[in-house]
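The values are calculated or read from the model by the stated rules, or taken from the named source; none is laboratory data. As the structure is a computational prediction, the values presented were derived from the model and not from experiment. Cβ coordinates were reconstructed from backbone atoms using ideal geometry, including for glycine residues, and neighbour counts include every protein chain displayed. These area figures cover heavy atoms from the full protein model, side chains too; ligands, DNA and RNA do not enter into them. Shrake-Rupley method; radii C 1.70, N 1.55, O 1.52, S 1.80 Å.
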Amino acid sequence: MTSLAIDQVQMPSPRPTSTARLLVVDDEDTIRMVLAKFLRTRGFECATAESGEAAFETLAGSHFDLMLCDVRMPGMSGVELVPKALETDPDLGIVMLSAVNDAPTATEAMGQGVLDYLTKPIELEHLFEAVTRALHKRTLLKEQRRVERTIREEVAERTSELEQEKTHLRELTVSVVDMLVNAMEAKDVFQRGHSARVAEIAASVAEYMGLPPDVVEDVRIAGRLHDIGNIGIREDVLNKPGSLDPEEFDHIKEHVRLGVEILTPLKYIERAVVFLGDHHEHWDGCGYPHARSGEQISIGGRILAAAEAFDALNSNRAYRQSMSPEDAAEQLRLSVGSSLDPRVYEALRVVVKRRKSLVFIDPLHA
């Protein structure tokens, strides 16, 4: 708003030129014209705007490297223009000019991204130096943002690649162990497909309970692999048609410990291994191997316990025919509060009623 100390508009001697494009914004015609004329003699390309509104419209239609802007103007002030200008072009450098040495306004402007704040009157030589500094600072900030953006993109890309590799390795490992389980189950016609069915039932229950997708998937994996420890159990015990004696029962309980030991080195299915280790724990604390109870048992372990108990009742055995899904679910009601978590049982009952899962892989269990 106030005139500059321009020595009767006498221009300083020329300096090396620059190709930077500048926008001079001031509501006073004389100041706007003098600044633009001076900056052109220094090799800058200059456009002008007589108000904040006109400047915003100009910025929306053209690219500029730096905006030299008055603070106090009718209508949109310079301080109000700053965030709008930077939203249009985040790389725009801005230098503010004010006839008043107003510290709060200067602080606000600098906080919005202004590179410098100059007080009128100002010698044109000092103005040129300020513009040069601002353009240099803008270049450094622009390069810094470019480097940061490149780093973020590279990190995101590498992270994505690592996640893909991790997922592939996880799927490959689970697939190999799954093949071992299937090979063991193939020896017993009554066990064939047991792990696959437990996995699907358990995952359906977990999904119904609103567990996060990654937890649901770990429940599914734990279901597929929960009997891998049977590889270390004597076949005469595994295939015994009658009741087990105490020594045999103690031996078969070892399959949980063995399964955990086999899978523990696979850190990328760590949570699934925890679920597997809990699948024979009981809600009332009378299960094995750690006699955990209630919420001490992982949610995946509680779901697997219910899913395995359901599949046992819903599958044919040498000594009995399978129950219907509805009858099996009703029979399990007797175990609620003892071996089964009441909330998990209720979810299982709903899943069975809705027939959301129960995917069988051979006619024997259909």
The range 59-101, residues that are under 19 Å from residue 122 (Cβ atoms), open to solvent by 10 Å² or more (accessible area, probe 1.4 Å) and in a helix (DSSP H, G or I): 79
Per-region count, the range 31-55, residues of a type outside the set (A, V, I, L, M, F, W, C), closer than 15 Å to residue 128 by Cα, touching a strand residue (DSSP E or B) at 6+ places or on another chain (Cβ under 9 Å) and not in a helix (DSSP H, G or I): 1
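From the list 104, 121, pick out the single residue that is in a loop (DSSP other than H, G, I, E, B) and out of contact with any Gly (no Cβ under 9 Å at 6 or more places or on another chain). Working first, answer last.
Details: 104 fails: in a loop (DSSP other than H, G, I, E, B).
Just one listed residue meets the conditions, 121.
For the structure I just gave you, tell me whether residue 324 is surrounded by 13 or more Cβ atoms within 10 Å (Cβ to Cβ), modelled with pLDDT of 90 or more, more than 39 Å from the chain's Cα centre (by Cα) and not aromatic (Phe, Trp, Tyr). It would help to see each step written out before you state the result.
Values: surrounded by 13 or more Cβ atoms within 10 Å (Cβ to Cβ): no; modelled with pLDDT of 90 or more: yes; more than 39 Å from the chain's Cα centre (by Cα): yes; not aromatic (Phe, Trp, Tyr): yes.
No; evaluated as a whole, the condition is false for this residue.
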Near pairs, Cβ below 6 angstrom, 6+ apart or cross-chain, from the range 35-58 (within 24 Å of residue 19 (Cβ to Cβ)) to any residue that is of a type in the set (Phe, Trp, Tyr): 42/128
Checking residue 165 against (1) modelled with pLDDT under 95; (2) within 30 Å of residue 350 (Cα to Cα); (3) assigned to a helix (DSSP H, G or I), the condition it does not meet: (2)
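Counting only residues that are among the acidic types (Asp, Glu) and without any contact (Cβ under 8 Å) to a residue 60 or more places away in the chain, which one in the range 208-219 is surrounded by the most Cβ atoms within 10 Å (Cβ to Cβ)? If you could, list the steps in order and put the result at the bottom.
Quick first cut of the range 208-219, residues among the acidic types (Asp, Glu) only: 214, 217-218.
After this cut, where a residue has to be without any contact (Cβ under 8 Å) to a residue 60 or more places away in the chain as well, the list is 214, 217.
Values: 214: 9, 217: 18.
In this case the residue turns out to be 217.
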Qualifying positions in the range 327-343 - within 38 Å of the chain's Cα centre (by Cα) and of a type in the set (Gly, Ala, Ser): 329, 337, 339
Contacts under 7 angstrom Cβ, first residue in the range 107-118 being more than 11 Å from residue 79 (Cβ to Cβ) and buried (at least 16 other Cβ atoms within 10 Å of the Cβ), partner of a type in the set (Lys, Arg) and modelled with pLDDT of 85 or more, 6 or more apart: 115/137; 115/138; 116/133
Within the range 5-58, considering residues that are open to solvent by 90 Å² or more (accessible area, probe 1.4 Å) and hydroxyl-bearing (Ser, Thr, Tyr), the one modelled with the highest pLDDT: 30
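Answer with yes or no whether residue 275 is touching a helix residue (DSSP H, G or I) at 6+ places or on another chain (Cβ under 6 Å) and closer than 21 Å to residue 174 by Cα.
Working: touching a helix residue (DSSP H, G or I) at 6+ places or on another chain (Cβ under 6 Å): yes; closer than 21 Å to residue 174 by Cα: yes.
When the stated conditions are applied, residue 275 passes them.
Which one of these is open to solvent by 30 Å² or more (accessible area, probe 1.4 Å), under 19 Å from residue 196 (Cβ atoms) and either charged (D, E, K, R) or within 31 Å of the chain's Cα centre (by Cα) (or both): 303, 262, 299, 269? Quick ask: steps written out before the conclusion?
Working: 303 fails: open to solvent by 30 Å² or more (accessible area, probe 1.4 Å); 299 fails: under 19 Å from residue 196 (Cβ atoms); 269 fails: open to solvent by 30 Å² or more (accessible area, probe 1.4 Å).
Of 303, 262, 299, 269, the one residue that is open to solvent by 30 Å² or more (accessible area, probe 1.4 Å), under 19 Å from residue 196 (Cβ atoms) and either charged (D, E, K, R) or within 31 Å of the chain's Cα centre (by Cα) (or both) is 262.
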Qualifying positions in the range 326-356 - in contact with a helix residue (DSSP H, G or I) (Cβ under 6 Å, 6 or more places away or on another chain), among the basic types (Lys, Arg) and part of a helix (DSSP H, G or I): 349
Qualifying residue in the range 334-341 (condition: under 19 Å from residue 211 (Cβ atoms) and at pLDDT 95 or above): yes
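Quick check, is residue 125 touching a residue at least 12 places away in the same chain (Cβ under 8 Å) and either in contact with a Pro (Cβ under 8 Å, 6 or more places away or on another chain) or on the phi > 0 side of the Ramachandran plot (or both)? If you could, list the steps in order and put the result at the bottom.
Details: touching a residue at least 12 places away in the same chain (Cβ under 8 Å): yes; either in contact with a Pro (Cβ under 8 Å, 6 or more places away or on another chain) or on the phi > 0 side of the Ramachandran plot (or both): yes.
It is true that residue 125 is touching a residue at least 12 places away in the same chain (Cβ under 8 Å) and either in contact with a Pro (Cβ under 8 Å, 6 or more places away or on another chain) or on the phi > 0 side of the Ramachandran plot (or both).
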